[in-house]
Structures are given as structure tokens and as C-alpha cells.
Amino acid sequence: MERLLRNRWALVLALALVLAALPLVFPSNYYFRVAALVNIFALAAIGLNLLMGYAGQVSLGHAGFMGIGAYAVAIGASRFGLNGAVAMLAGAAIAGLLAFLVGRPILRLKGHYLAVATLGLGLLISMTLTNEAGWTGGPDGMAVPRLELFGLRLRGPDTWYMISAGALVLGVILALNLIESPTGRAMRAIHDSEIAARVVGVDVAAYKLKIFVISAIYASIAGSLMAFLNGHITPDGTAGFLRSVELVTMVVLGGLGSVLGAIVGAAMLVILPQALTIFHEYEHLLLGLIIMASMILLPRGVIPSLLARLRGGGA
């Protein structure tokens, strides 16, 4: 297993095969919808993991970029008549530009100061989407026009499962290539020690800004896909603080510094609430206990801790 995880192309192939095989066992559209949500949140979590797990920078407002992507496809199509795919790219560009503009000042901060600054950014985006009711529909949200490609209207959970699966595989490929590139090595050096990275000639500020922009683009695309899947969006559902916390939990639960860990963390936090609904009022209690137990027994995250145990080094 460890050899599989170290071979990026083997990991991509295994993921693609799993995603292609899952529809064969799904009995209804409900399963396609849940699986599509896993793919979408995994994509956002991979981008956040690049920022937190590899560059060592905390973000508690990352759902704001998801909100930008979601509302870009809704507003772009309904207000400006843009094709959904064009609006998605525009949303990614807007999210990347915003991350570039605000990243320069806030990424100079460290620790809890950085966490509070990113939290403020996320809250600002969420409040803007809530208050600009003329454009966004306010707290009640707005409908998302269906995406049309080559004259076909894309609808249905099964269709969006396949699209989100393709986006996830592409996102994994890009992330793994980035990690193995000089940028990835610079990110790991910054994570270990910013001072040491500067000594060996790494432009710390430039690399932190670059990965912040990349992670924002990942989140924006994930937000656009979620908007298309749901057909209706609200500020709290896409850009709320709890959504940001959920993304951070996915990354930490699956394992910081692990692309597969981000996918596993997303799968756990999407699937578990659905599976625990049979316990009715105890659903949230059991979910909290499972997360606590996972972090106690696997303190480095699910994937890194399991790999450590396979090597005989403990959790």
C-alpha cells in the first residue's frame, strides 16, 4: 500500500478505477448524489491540504472561495447570460484574483493571527453574499441555471457524479505534480522552517501566495460543481463559517500533507452523517464521538497514521 501511495500514477489509476466502478453498485440516484458530494468536497479539501499540509498555512475562511465559485455560475448565467462553463472559469479567476490581492498582507501573519485573518475573509465574503440580495437572493439564496454543453442540458446526480469524478481525478493529478515539482519542494521547506527556507534562497512570500491562490481556485471550482449539482445555493450553505470548519476538519481528519488523506477525510464527513441518520436524535453525538475517537487513535490523520503503523512506527 505504501508503495502505491508513493507512485503518483499508480495512485491516480487506482482512484480512477474506483470512481469508474462505483456506479456499478449504486442502487439509486441518492447514492450518486452522495458520491458526487464526496468528489466535490474532496476537490476542495485537496486544495486546502496543499495550503495547510504542505505550505503550513492555516485558513479558516476557505468556504468563502467556494461561495465565489457557486455564485459565479448562478449570477453569470442568470444575470449576464454566460454559459455555465465560462462562468465557472470566471469564478475561478475571481477567486484566484481575490486570493492574490488579500494574500499578500494576511500571509505575513503567523499562527492564530493568520487563522483569525482568514476567518475574517471568509466571514466578509459570506456577509457580502447575504447582504447583496439584489444579486444573490440574500439569505434565501438563488436558483442555479442548468449547465449546457454542445446543446445538452446536464442534469441528474449520475451525470454530475461522472463530471465531479473527472474533476477530482484531474485535481489529484495536478496536486501530485505540484507536490513533486520545485514548487512542492519549496512548500515543504517552508512548512518545516521558514527561516531555513529563506537561507537556502526560497522566496517564502511568493510561494505562500502562489499556493494560497491555487487552493482558492480549487475551492472555487468545487463550489461551482456543488451549485450545479444542487440547483440552488445559499450563502450559509456554500460560504458559511461552518462550511470552512468542515473543510479544515476533512483535511486534519484524513491527514495533513496527504492527497489521499484529503479524499478520505471528505468521504468520512460526507458519508457518516448520512449513515448515522438511522440513530435520529443521536446522529450528531455519534458523529462527534467517531471524529474524536479517530483523532485519538489516529492522531496524525487516517492515512499518515495507518502508513506509520504499516511501517511499524506506531501512530
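The values are calculated or read from the model by the stated rules, or taken from the named source; none is laboratory data. A quick note: this is a predicted structure, and the numbers were derived from the prediction, not measured. When we count neighbours, we look across all protein chains shown, and the Cβ atoms used for this are built from the backbone with ideal geometry, even at glycine. Remember, those area values only see protein heavy atoms, side chains included, never the ligands or the DNA or RNA. Shrake-Rupley method; radii C 1.70, N 1.55, O 1.52, S 1.80 Å.
Tabulated results
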item: All positions within region 273-290 that are open to solvent by 40 Å² or more (accessible area, probe 1.4 Å) and touching a residue at least 12 places away in the same chain (Cβ under 8 Å); result: Q274, I290
item: Test result for L253, of a type outside the set (F, W, Y) and without any contact (Cβ under 8 Å) to a residue 40 or more places away in the chain; result: no
item: V202, sole failed condition from (1) within 18 Å of the chain's Cα centre (by Cα); (2) open to solvent by less than 40 Å² (accessible area, probe 1.4 Å); (3) β-branched (V, I, T); result: (1)
item: Matching residues in region 20-33 - criterion: being hydroxyl-bearing (S, T, Y) and not in a helix (DSSP H, G or I); result: S28
item: Residues (open to solvent by less than 40 Å² (accessible area, probe 1.4 Å) and either touching a Lys or Arg at 6+ places or on another chain (Cβ under 7 Å) or not in a helix (DSSP H, G or I) (or both)) located in region 291-307; result: L298, G301
item: Region 85-98, residues that are open to solvent by 10 Å² or more (accessible area, probe 1.4 Å), more than 17 Å from the chain's Cα centre (by Cα) and closer than 19 Å to R153 by Cβ; result: A85, V86
item: Subset of region 216-242 that is closer than 17 Å to G141 by Cβ and among the hydroxyl-bearing types (S, T, Y) - its residue that is most open to solvent (accessible area, probe 1.4 Å); result: T234
item: Counted residues, region 144-172 - those being open to solvent by 40 Å² or more (accessible area, probe 1.4 Å), hydrophobic (A, V, I, L, M, F, W, C) and in a helix (DSSP H, G or I); result: 3
